[in-house]
Amino acid sequence: GGNPTATVIALCSMRDFNLAQETCQLAIRDIGCLEVLINLLDTEEIKCQIGSLKILKEISQNTLIRHAIADLGGLQIMVKILDSPDKDLKCLAAETIANVARFKQARRTVRQHGGIKRLVGLLEGISVGSTSLTPCQTKDTEIARCGALALWSCSKSVKNKEAIRKAGGIPLLARWLKCSHANILTPVVGTLQECASEPSYRLAIRTEGMIENLVKNLSSEHEELQMHCASAIFKCAEDKETRDLVRQHGGLQPLSVLLGNTENKKLLAAVTGAIWKCAISRENVSRFREYKVVEALVELLTDQPEEVLVNIVGALGECCQEPINRTIIRKCGGIPPLVKLLTGTDQALLVNVTKALGACATEPENMMIIDRLDGVRLLWSLLKNPNPDVQASAAWAICPCIQNAKDAGEMVRSFVGGLELIVNLLKSKNKEVLASVCAAITNIAKDEENLAVITDHGVVPLLSKLANTNNDKLRRHLAEAISHCCMWGSNRVAFGETKAVAPLVRYLKSNDPSVHRATAQALYQLSEDPSNCITMHENGVVKV
């Protein structure tokens, strides 16, 4: 209506409606009121701007409204308002941006109009350490909280993560992390865990001393904050130094305690993820044993969503580095639920389950249970899975099963079409699949009848075809497979005819002693055929 006072009164009256209600939100949009509210942001009247933002902040919880605000150019004006000297106004603008920037296009708009730099600027308030805040400082904390909320929404995009870093956001986030107020810690840690997918942030979190504060807040009474801290540790603990820091700052015990919180699945997913990655380090596995983590994880193996199961099973697989944990898994009844998971479809879960069962199968008593539950047949059928990670993981798991089964040869023969299936995987293009299949063939070939069958399926030319590789892991397992396959019929001669001998000589120049050992065994077997000796000699084997 042109009169600022009347406008403010109208805005106040509008706020008397329940703006959290969808009918009110959509009514505002449908009568063309959004345009008016956004136009008010462009005035010089601070009271009108504040009144408008208070409404926009409420109604932008609605997805349709978020898109409408962005379409009407609201984000650009709100980014401009972040430069205002009025603190209330800045807070409201940042909080509204936090709501609107929940979709891709909006996040891009904020970045392209210089919003990230301005939002990072809001974190420059002074009052981090103190618990008793003066009213003036409280305002700075509030501004930083709103800025962090907006950065958290924006940080879902890779380009924005980079922009936050370039704007100097990391040291400011690190500084607020030392604060003791959950309402600002939550968006700060939320932003950090979102950004921890980038190596540059993981390095900073490690080197700027943030792990200590993340660990400290695992014991907060706010579950959302605990979840973001655990999630940040989950992403950062890919790096060994971080895993050590989590242990040194006493983070393993609070993680173990949080396993008891089974109702909140999002928290459980983050905590089990952090435990999985921390358990990659053997020293951490020993600590986890003191806190009875394996027992707790086995108890959680049933009735969990897949994102939690992937992490639980991943953690169990890592804990199996310690032989005693393989026994604990059996005694707590963990093997049947693990075998049951082999029938699932989630690829990441299958990779972790096969790894965990492979580790368990190194104990003969565990192997008896796996065999009784038809676990080896299920592992074998995963070789048909289209995902190479699953194929490789299944083939690695099959190796200890063959080594520790009672009558392994007979067991392998009982899988109809199983031997042909595994030989055909030697045609894969994936190095990890090839190495794991060679390892499995090494174990299969220890039984003479099975060696005869895989020879008929053409194992010799397929192995020979792989010989020209520079990958040491593949070289080692390939050489072992060749040496075991020499034990049947005229396979030694056949390897010579299919040109496997000369490349093997070159393996002796590798830097890996395990490659030397496997190659020496293969050359020893091949040298029983005179023509292979000539080939070796021609390729300079004597000197090496």
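With a 1.4 Å probe and all protein chains in place, put Glu307, Glu162, Glu221 in order of accessible area, largest first.
Correct descending sequence by accessible area is Glu221, Glu307, Glu162.
Kindly identify region 341-423 as rounded, prolate or oblate by the Cα gyration tensor criterion: order the square roots of the eigenvalues as a ≥ b ≥ c, call it rounded if a/c is under 1.5, otherwise compare a/b with b/c, prolate if a/b is larger, else oblate. Verdict is oblate for region 341-423. For the residue pairs Lys117/Lys240; Lys431/Lys499; Lys216/Lys340, the C-alpha atoms sit more than 26 angstrom apart in Lys117/Lys240; Lys216/Lys340. Please report, ordered by residue number, every helix of the chain (full DSSP H runs) that is 18 Å or longer along its axis going by C-alpha atoms and whose mean Kyte-Doolittle hydropathy reaches -1.0. TM-like helix candidates: 46-59, 87-100, 135-154, 182-195, 223-236, 265-278, 306-319, 347-360, 388-404, 431-444, 472-485, 513-526.
Over region 313-414, accessible surface divided per residue gives 39 Å², non-protein components excluded, 1.4 Å probe. Computed over the chain, the alpha-carbon pair-distance distribution with 20 angstrom bins reads 19, 36, 28, 14, 3, 0, each value a whole percent.
Per-peptide packing, taken as the mean over residues of other Cβ atoms within 10 Å, places 349-358, 61-70, 406-415 in the sequence 349-358, 61-70, 406-415 from highest down. Using a probe radius of 1.4 angstrom, the carbon and sulfur fraction of the accessible surface of region 1-107 is 52%. When only Cα pairs below 8 angstrom with a gap of at least 6 residues are kept, the chain shows a relative contact order of 6 percent.
The values are calculated or read from the model by the stated rules, or taken from the named source; none is laboratory data. Predicted, not measured: the structure shown is a model, and the values here were computed from it. Neighbour counts run over all protein chains shown; Cβ positions are idealised from the backbone, glycine included. For accessibility, only protein heavy atoms count, side chains too; no ligands or nucleic acids. Shrake-Rupley method; radii C 1.70, N 1.55, O 1.52, S 1.80 Å.
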